[in-house]
Amino acid sequence: TCRSLTSVTIPDSVTSIGYRAFFFSGLTSVTIPDSVIYIGAGAFDGCSGLTSATIGNGVISIEKDAFYGCSDLTSITIGNSVTSIGYEAFRDCTSLKNITIPDSVTSIGSWTFHDCTSLTSITIPDSVTSIGEQAFYGCSGLISATIGNGVTSIENGVFRDCTSLTSVTIGNGVTSIEEGVFRYCTSLTSVIIPDSVTYIGSHAFYYCDSLKYN
């Protein structure tokens, strides 16, 4: 690990950032140029001092664990060519307050934003067709969420333990709400389930004590 490394300039000649390239380094900020098309698994895993990151418009894929455990990360800009955000990519980014998912993204992996406890709102654009299970599990500061019309299934436990979540908008492309999706969302007061939904899994609204049924 490179704990003493606090800054880095990535030149435009670089096209990929490899597996654990800056694993547990002391970086405080990073700008990834448009020349980079790939961010490997665990590239910035454990960079707990990283406060901001800018991902250039050339990047297509953010792989698993890319920013896992970047606990001081408060802001990140995702370029408009990213199509997939991998498994646990931003897990335990506990200071992350907001994030904009561009319209280029089609898939969000499982556990991607697990325990991003400072995240207050999320909008999933219509371009996204799949959200992995427990993607926002434990985002206890999350107040509102909008799920775009491209998503067909809300997988197991996507919003589980989002105890501050009060408002959810479910897109009209959703056909199934799987097991435990809103489990322990104790502040959820209302949710409109569109006519497109044909299946609601077990415990989907378990312990949603504030929910009012009509």
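The values are calculated or read from the model by the stated rules, or taken from the named source; none is laboratory data. Keep in mind the model is a prediction, meaning the values are calculated, not measured. Note that we place each Cβ from the backbone using ideal geometry, even for glycine, and neighbour counts take in every protein chain shown. Protein only, heavy atoms only, side chains kept; ligands, DNA and RNA dropped before computing areas. Shrake-Rupley method; radii C 1.70, N 1.55, O 1.52, S 1.80 Å.
Using the Stokes-Einstein relation with a Kirkwood hydrodynamic radius computed over Cα pairs, the translational diffusion coefficient of the stretch 1-121 at 10 °C and a viscosity of 1.306 mPa s comes to 116 µm²/s. Pairs of alpha carbons in the stretch 99-175 separated by more than 19 Å make up 24% of all such pairs. If you take every DSSP beta bridge fully contained in the stretch 98-214, what fraction is antiparallel? Give it as a percent rounded to 5. In the stretch 98-214, DSSP labels about 0 percent of beta bridges as antiparallel. As an equivalent ellipsoid, the stretch 3-66 spans semi-axes of 18, 13, 10 angstrom, where each value is the square root of five times an eigenvalue of the C-alpha gyration tensor, largest first. Surface composition of the chain: carbon plus sulfur atoms hold 48% of the accessible area, using a 1.4 angstrom probe and ignoring ligands, DNA and RNA.
Across all directions, the shadow cast by the convex hull of the chain built on its C-alpha atoms averages 10.1 square nanometres.
If the convex hull of the alpha-carbon atoms of the stretch 151-214 is projected onto planes in all directions, what is the mean projected area in square nanometres? With the hull built on Cα positions only, its mean projection is 3.6 nm².
Give the residue list of trypsin sites (Lys or Arg not before Pro) in the stretch 45-133 that are DSSP loop and have at most 15 other beta-carbon atoms within 10 angstrom. Here the sparse-neighbourhood loop sites are LYS97.
Rounded to the nearest whole Hz, the Karplus-based 3J(HN,Hα) values (6.51 cos²θ - 1.76 cosθ + 1.60, θ = phi - 60°) of the stretch 56-66 follow the sequence x, 6, x, 5, 9, 9, 9, 7, 4, 6, 3, with x at glycine and proline.
A simple rule links phi to the HN-Hα coupling: the Karplus curve 6.51 cos²θ - 1.76 cosθ + 1.60 with θ = phi - 60°, which for the stretch 18-25 gives x, 3, 6, 4, 10, 3, 6, 7 Hz, with x for Gly and Pro. In the context of the full set of protein chains, the chain has a per residue accessible area of 42 Å² (1.4 Å probe). Between LYS212 and SER52, the modelled label-to-label distance comes to 4.2 nm, taking each label 7 Å out from Cα in the direction of the beta carbon.
Ordered from highest to lowest accessible area with the whole protein assembly present and a 1.4 Å probe, VAL151, VAL197 read as VAL197, VAL151.
Rounded to the nearest 20, the Cβ-based charge dipole of the stretch 1-150 about its Cα centre (Lys and Arg +1, Asp and Glu -1) stands at 220 debye. Among beta bridges identified by DSSP and lying wholly in the chain, the antiparallel ones come to about 0 percent.
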